[in-house]
Ligand SMILES: Nc1ncnc2c1ncn2[C@@H]1O[C@H](COP(=O)(O)OP(=O)(O)O)[C@@H](O)[C@H]1O
Ligand SMILES: [Mg+2]
């Protein structure tokens, strides 16, 4: 009970801070919007995906949603590094609550906040001419949240090990680009050279993006882009399971890391 | 376990080769104000960190409220309040939001939460500013808010790590009023560190710590009696001559400090009138003071407490104030 309350209050504080500072979110949506408008206007026609009946923008849009959530979730660790730098973390660490609940609160806060820019991107669907129903949004939410929780756990885990904001941001930049580019946001994960193929398969983000695309495009339309693992075509639920397992491992490590810092 | 608020036995904390805390033992009774006095780097913060479960001892034992700081961390944390040496507020939130966070995480029952928050905020005179963001607070207000926060959950033992560092004298006095008031009203045990001598005097008992070792523990009065003699400072028109006269006539050692001469004499108050009458060198000014903890520290350690490296203390100040700026 006490630990649940701790999770809640730690989560709540991060939401409160986010709300005070909501304009910062502009940073999180500028990049995805830029991609959308560049590729959405004209360029998309010339970059059509051969041998499929699908528009490039329709292909890319769900990927951009995934990318937005992923970027924000990874950056969620920033809040923990701030807490360290400004000393607030001590207040939390000396409180009579378990370190696991502190880690959980941080992860959930980061994940919740990561959903918001993802939702904002969806508002642009009609403007760009992508079909999007309310039902689709409702189906997407849990998938986005799962991706957000898993990636946030990774962000928080890394943040527990970082001593300074500079170090944290450097590591994030290093991770972010490959994770996004090799996750199927911009091109289908098919017919790639062996080493690239390998990287896309070990990238957890690939399994987060695929289900989002499947929900947005529908099963049939997205079939050509599904991930093939060891000769097996991954279903939506198999992708979800991989993201979930990755998330569980990350959050367990984050909890462990939290309990083992002085 | 005894009914001591804090018990420490042969405590050691090593950082690599450096023994930040080097085999110290002491205890603090219930309701006592206990001061840890020592220069920068003496090991005060390290001791507090161990007592508050934020660092593990390398060896030795420590218990707070009868709970072991290594094996009963949860119970220790439940019984303590803490004001850290470095800032630890969420400056993006308001004063009251900081306190609400604390009340929730310390499980202050929701029925009394609002009332407790109002009470502690009134005590540190911040109730009117409760809805302002902490960024807009002065250094003294932040410190008072931290103190209020440390008290919010009614801790049995309150740890204050340099609670008045970098504050103006007026705010320092205010904070001391709260501290002594707290001891009287609530019977809270207070463990505080300081490197201000005048502050240490206000504690019931003090431990003098230097280089990770405790060199003396006693009441301020008893400690000063160790030095015993009164300290007389004179200024004359010829200090060299005066020094010679004092040495030859009274067999007392003198020490020059700027343009003054300093010497020690037991029963100084009775000594002075005769001294002035019979002294041959012309005296420009004369003063007598009781020994201070400065003198005790000097006697025990062979160096002055204020002899800390200027760069070190500057850095510490810069850290405190630098953080309060902007962001
Ligand atoms: N985390 C740490 N790692 C290495 N050395 C440390 C650490 N914390 C403190 N020290 C060292 O231990 C000594 C005691 O420090 P501290 O307890 O902070 O002193 P005080 O609070 O009395 O000024 C200092 O020499 C300091 O540099
Ligand atoms: Mg200190």
Say R0 is 60 Å: what FRET efficiency, to the nearest 0.05, do residue A:238 and residue B:213 get from their beta-carbon distance? 0.45
At residue A:120 and residue A:4, where each label point lies 7 Å from the Cα along Cα→Cβ, what is the point-to-point distance in nanometres? 3.3
Which whole-number percent gives the relative contact order of segment B:229-290, counting Cα pairs below 8 Å spaced six or more residues apart? 53
In this structure, the FRET efficiency calculated for residue A:220 and residue B:70 from their beta-carbon separation, with R0 = 45 Å, to the nearest 0.05, is 0.15
Exposure-ranked with fewest Cβ neighbours within 10 Å first, B:91, A:85, B:304 stand as B:304, A:85, B:91
Could you line up B:198, A:83, A:58, B:107 from fewest to most neighbouring Cβ atoms inside 10 Å? B:198, B:107, A:58, A:83
Test item: B:102-112 mean partner chain Cβ contacts at 10 Å: 4
Rounded to one decimal in nm, the spacing of the 7 Å Cα→Cβ label points at residue A:230 and residue B:225 is 8.2
Three principal axis extents, largest first, for the C-alpha atoms of the protein assembly as shown, in Å? 116, 50, 48
Quick one: if the Förster radius is 25 Å, what FRET efficiency do residue A:19 and residue A:249 give, using the C-beta to C-beta distance and rounding to 0.05? 0.20
From the Cα gyration tensor of segment B:70-146, with a ≥ b ≥ c the square roots of its eigenvalues, which class applies: rounded if a/c is under 1.5, or else prolate if a/b is larger than b/c, or else oblate? oblate
Under the rule rounded for a/c under 1.5, else prolate if a/b exceeds b/c, else oblate, using alpha carbon gyration tensor axes a ≥ b ≥ c, segment B:229-290 is classed as rounded
Express the relative contact order of chain B as a whole percentage, based on alpha carbon pairs under 8 Å and six or more residues apart in sequence. 20
Hey, rough spin-label estimate for residue B:122 and residue A:163, points 7 angstrom out along Cα→Cβ, what's it come to in nanometres? 4.7
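If you take every DSSP beta bridge whose two residues both sit in segment B:229-290, what share of them, in percent to the nearest 5, is antiparallel?
Values: 15 of 15 bridges.
Just about 100 percent of them are antiparallel.
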Fewest-first ranking of A:26, A:250, using other Cβ atoms within 10 Å as the exposure measure: A:26, A:250
I'd like the mean, over residues of B:84-97, of how many other protein chain beta carbons sit within 10 Å of each residue's own Cβ. 4
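Just so you know, all these numbers are worked out from the coordinates, no wet-lab data involved. Every value quoted in this text rests on a predicted model; they were computed, and no experiment measured them. Cβ sites come from the backbone with ideal geometry, for glycine too, and all protein chains shown count toward neighbours.
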